[in-house]
Amino acid sequence: MTDAIENARSWIADISAMIATLNAAEAADGERDAIDTARQAIDESILSIMVRDSWRHPGHAAECGPAEYELLLSTGGPALRIRGEVENGEPTSARLQYQDWFKPWTDLDLTAAEYADVTAFAQNFYYGD
């Protein structure tokens with residue numbers, strides 16, 4: 001297994017743990033501090049958020065806000081990001097992609113549970129204007 005894939009698998013484990021911690025905190029009534037701590041860990045785990053709007057004619061303003069998002073998790077070799085589509089400010093899909101030096105971005109095959117965790121992770125960020 002390459003370093004890039006090992007890095008991606010490590011990130012999936014971290015993402016799953018952060019989502020499990022957040023879900024447990026939300027399930028415990030009155031644990032506002034635990035929820036805030038879990039959300040802060042998620043917020044601080046990424047390097048950047050970017051969005052872009054859909055195809056349009058030059059000079060015309062975007063009509064419906066962002067259509068795609070990208071969460072950069074790590075850089076260098078290997079690098080890792082989550083990309084997907086946005087509708088009404090909410091992620092509707094998530095692809096975990098990795099890249100090693102001089103290689104193209106490649107989607108990592110996710111199990112259904114991993115996909116659910118990566119999507120839930122992406123849903124914790126704001127993608128509005």
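The values are calculated or read from the model by the stated rules, or taken from the named source; none is laboratory data. All of these numbers come straight from a predicted model, not from anything done at the bench. Quick reminder, even Gly has a Cβ in these numbers, built from the backbone with ideal geometry, and neighbours come from all protein chains shown. Just so you know, the surface numbers come from the protein's heavy atoms only, side chains and all, with ligands and any DNA or RNA stripped out. Shrake-Rupley method; radii C 1.70, N 1.55, O 1.52, S 1.80 Å.
Test each condition in (1) under 16 Å from residue 124 (Cβ atoms); (2) open to solvent by 30 Å² or more (accessible area, probe 1.4 Å); (3) β-branched (Val, Ile, Thr); (4) at pLDDT 90 or above for residue 51 and report the one that comes out false.
Every condition holds for residue 51 apart from (4).
Looking for something free of Cβ contacts under 8 Å to residues at least 24 places away in the same chain, assigned to a loop (DSSP other than H, G, I, E, B), of a type outside the set (D, E, K, R) and touching a Gly at 6+ places or on another chain (Cβ under 9 Å) - is there at least one such residue anywhere in region 7-29?
No: zero hits.
Residue-by-condition table, conditions (1) aliphatic (A, V, I, L, M); (2) within 17 Å of residue 20 (Cβ to Cβ):
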position	(1), (2)
77	no, no
85	no, no
91	no, no
95	no, no
98	no, no
103	no, no
113	yes, yes
118	yes, yes
121	no, yes
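Are any residues in region 63-121 under 23 Å from residue 44 (Cα atoms) and of a type in the set (Ser, Thr, Tyr), and if so, which ones?
69, 74, 75, 92, 93, 98, 115, 119
Exactly one condition in (1) in contact (Cβ under 8 Å) with a residue 12 or more places away in the chain; (2) within 15 Å of residue 13 (Cα to Cα); (3) of a type outside the set (Phe, Trp, Tyr) is false for residue 90; which is it?
Unmet condition: (2).
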